[in-house]
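J.: A single structure is presented below for examination.
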Amino acid sequence: MKRLGLIVGSGELPWTLDWTQAGSADTEFGAASMAPEVAALANIELVRIRRHGEPHRFAPHAINYRANLSALANMSVDAIIALNTVGGITPEATTGALLLPDQLIDYTWGRRQSFCADDAVRHIDFSNPYDCGLQMSLKSAADNCGIAVVEGGVMAVTQGPRLETAAEVRRLARDGCAVVGMTGMPEAALARELDIPFAAICLVVNPAAGVAGAETVDMQSLQEVARAGMHTVSELLLAFVERGV
Ligand code: HPA
């Protein structure tokens, strides 16, 4: 792999890499959240987009996912890893845990889900939304450097920007979801349309609404956990890249 696309969410990666702007935020699908930035890491080039923009301003439902994916494709990335901060639903999805989802359920609405024009039908196979090889490489990288990750699990993708009600989270649990976030779709489907291998790393930053008896979700602690957890995510990414995928 020569170029790895990284979609960074709410948590900031603590790297001090030499990022330079490359490519353009303007795409045939409108403006991406920002122009991609490139930095060298080990033997590859990282191409980063912050999905909420820089400064952080696009809410999950207001992100131009098609433009973001298109901007990364225009940079000829060989694969994409998306970082998602999420609420934990199942007992293993504890606050601070990393989870590599192998499935998702899309509860979003009104987002542009496809690059196809409205009068051009194209169906993609999406039985397995994440690239198995990429996910396995992430898992082995984590094992090699002693980072605990939960392997597999269903990510619920909700519309946001509000968090869920406790009843909604009970429904997600009944549906078999392990974690819940707001930005996992349509990113994964758009990457599949582009035929770019795609995987996600979920960082659990809070128990989802009503989980573990939580009365409310504490926004400040959510941000603190995101900040701390991104150190582990960056170690995992470094190990992944150094393995020479
Ligand atoms: N729900 C949805 N998205 C989230 C959450 C949550 O509890 N935490 C972080 N992103």
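J.: Are there any pairs, at least 6 apart or on different chains, whose C-beta atoms fall under 6 Å, with the first in segment 56-68 and more than 15 Å from Ser10 (Cβ to Cβ) and without any contact (Cβ under 8 Å) to a residue 60 or more places away in the chain and the second aromatic (Phe, Trp, Tyr) and surrounded by fewer than 21 Cβ atoms within 10 Å (Cβ to Cβ), and if so, which?
T.: Here the result reads Ala67/Phe29, each pair linking segment 56-68 to a residue that is aromatic (Phe, Trp, Tyr) and surrounded by fewer than 21 Cβ atoms within 10 Å (Cβ to Cβ).
J.: What number of residues within segment 134-170 are charged (D, E, K, R) and either closer than 21 Å to Met1 by Cα or more than 14 Å from the ligand (Cβ to nearest atom) (or both)?
T.: Matching residues across segment 134-170 total 3.
J.: Of all residues in segment 202-213, which are hydrophobic (A, V, I, L, M, F, W, C) and either under 21 Å from the mean Cα position of the chain (by Cα) or more than 10 Å from the ligand (Cβ to nearest atom) (or both)?
T.: Within segment 202-213, Cys202, Leu203, Val204, Val205, Ala208, Ala209, Ala212 qualify.
J.: Turning to a different aspect of this structure: Collect the residues in segment 152-183 that are in contact with an Asp or Glu (Cβ under 8 Å, 6 or more places away or on another chain) and either within 17 Å of Gly210 (Cβ to Cβ) or not aliphatic (A, V, I, L, M) (or both), keeping them in residue-number order.
T.: Kept after step one, since they are in contact with an Asp or Glu (Cβ under 8 Å, 6 or more places away or on another chain), are these residues of segment 152-183: 152-154, 156-158, 172, 178, 180.
Correct list: Gly152, Gly153, Ala156, Thr158, Leu172, Ala178, Val180.
J.: Exactly one of these conditions fails for Arg174: (1) within 20 Å of the chain's Cα centre (by Cα); (2) more than 13 Å from the ligand (Cβ to nearest atom); (3) free of Cβ contacts under 8 Å to residues at least 60 places away in the same chain. Give me its number.
T.: Exception for Arg174: condition (1).
J.: Would you confirm, using the coordinates I've provided, whether Gly244 is away from the ligand (no atom under 16 Å from the Cβ), out of contact with any Asp or Glu (no Cβ under 9 Å at 6 or more places or on another chain) and modelled with pLDDT under 95? Spell out the reasoning first.
T.: Values: away from the ligand (no atom under 16 Å from the Cβ): yes; out of contact with any Asp or Glu (no Cβ under 9 Å at 6 or more places or on another chain): yes; modelled with pLDDT under 95: yes.
When the stated conditions are applied, Gly244 passes them.
J.: Is it the case that some residue within segment 110-128 is of a type in the set (Phe, Trp, Tyr), within 12 Å of the ligand (Cβ to nearest atom) and either without any contact (Cβ under 8 Å) to a residue 24 or more places away in the chain or not in a helix (DSSP H, G or I) (or both)?
T.: There is no residue in segment 110-128 that is of a type in the set (Phe, Trp, Tyr), within 12 Å of the ligand (Cβ to nearest atom) and either without any contact (Cβ under 8 Å) to a residue 24 or more places away in the chain or not in a helix (DSSP H, G or I) (or both).
J.: Let me ask something additional. If I filter segment 196-218 for residues that are under 21 Å from His52 (Cβ atoms), part of a helix (DSSP H, G or I) and touching a strand residue (DSSP E or B) at 6+ places or on another chain (Cβ under 9 Å), do I get at least one hit?
T.: no
The values are calculated or read from the model by the stated rules, or taken from the named source; none is laboratory data. Predicted model, so just to flag it, every value in this text is computed and none were measured. FYI the Cβ positions are ideal-geometry reconstructions off the backbone, even for glycines, and counts take in every protein chain you see.
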